[in-house]
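Written out below as structure tokens is the structure these notes cover.
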Amino acid sequence: QVQLVEYGGGLVQAGGSLRLSCVASGPTFTTYAMGWFRQAPGKARELVATIDWNGLNSYYGDPVKGRFTISRDNAKNTVYLQMNTLRPEDTAVYYCASRTFRSASTTTNAYSYWGQGTQVTVSS
């Protein structure tokens, strides 16, 4: 069983930055691909970014390409999401997710474990 806890959400002005962290429990974190997803009110959950088990490959949703960066520190069982040049449309609950495979995936149903989510609000 993997437990995921997100940190770092909050309120920020448009153009600002935030860094989200997700700490995972369990000995197999280093062999699992990880992802960040988000869900705004009334909208479906969507991919933000995903990274494979060793951090060599990552993929991003189109709305965040060039602004967000996903990374991981396997020694700390932590995955990060650096968010720059934030926009009001980035406002959502952000979720960390883990899948029991080494390769990254862009689809929500490929992930077995989810965190409780952290709210990110970007004011205009």
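Miscellaneous remarks
- Here each label is just a point 7 Å from Cα along the line to Cβ, and for R102 and A44 those points are 3.1 nm apart.
- For a modelled paramagnetic label at R67, 7 Å from Cα along Cα-to-Cβ, the residues of the range 96-124 in reach, with backbone nitrogen under 14 Å, are 120-124.
- Under the simplified labelling scheme, the Q1-Q13 pair shows an inter-label distance of 4.5 nm, with each label point 7 Å from Cα along Cα→Cβ.
- In percent, rounded to a whole number, the relative contact order of the chain is 37, using alpha-carbon pairs under 8 Å and six or more apart.
- If you model the chain as an ellipsoid using its alpha carbon gyration tensor, with each semi-axis the square root of five times an eigenvalue, the axes come out at 23, 14, 13 Å, biggest first.
- Positive-end residue of A92, L81, V64, charge dipole of the range 61-100 with Cβ unit charges: L81
- Rounded percent of accessible protein surface that carbon and sulfur make up, the chain, 1.4 Å probe: 49 percent
- For the chain, a Gaussian network of Cα nodes joined below 10 Å ranks S98, S25, S58 by mean-square fluctuation, and the top entry is S25.
- Probe 1.4 Å, protein heavy atoms only - accessible area per residue of the chain in square angstrom: 50 Å²
- If you plug the beta carbon distance of E89 and L56 into 1/(1 + (r/R0)^6) with R0 = 30 Å, you get a FRET efficiency near 0.50.
The values are calculated or read from the model by the stated rules, or taken from the named source; none is laboratory data. Computed from a prediction, not measured in an experiment: that's the story for all the values here. Here Cβ is always computed from backbone atoms with ideal geometry, including for glycine, and neighbour counts include all displayed protein chains. When the accessible area is computed, the model is the full protein with side chains, heavy atoms only, and any ligands, DNA or RNA have been set aside. Shrake-Rupley method; radii C 1.70, N 1.55, O 1.52, S 1.80 Å.
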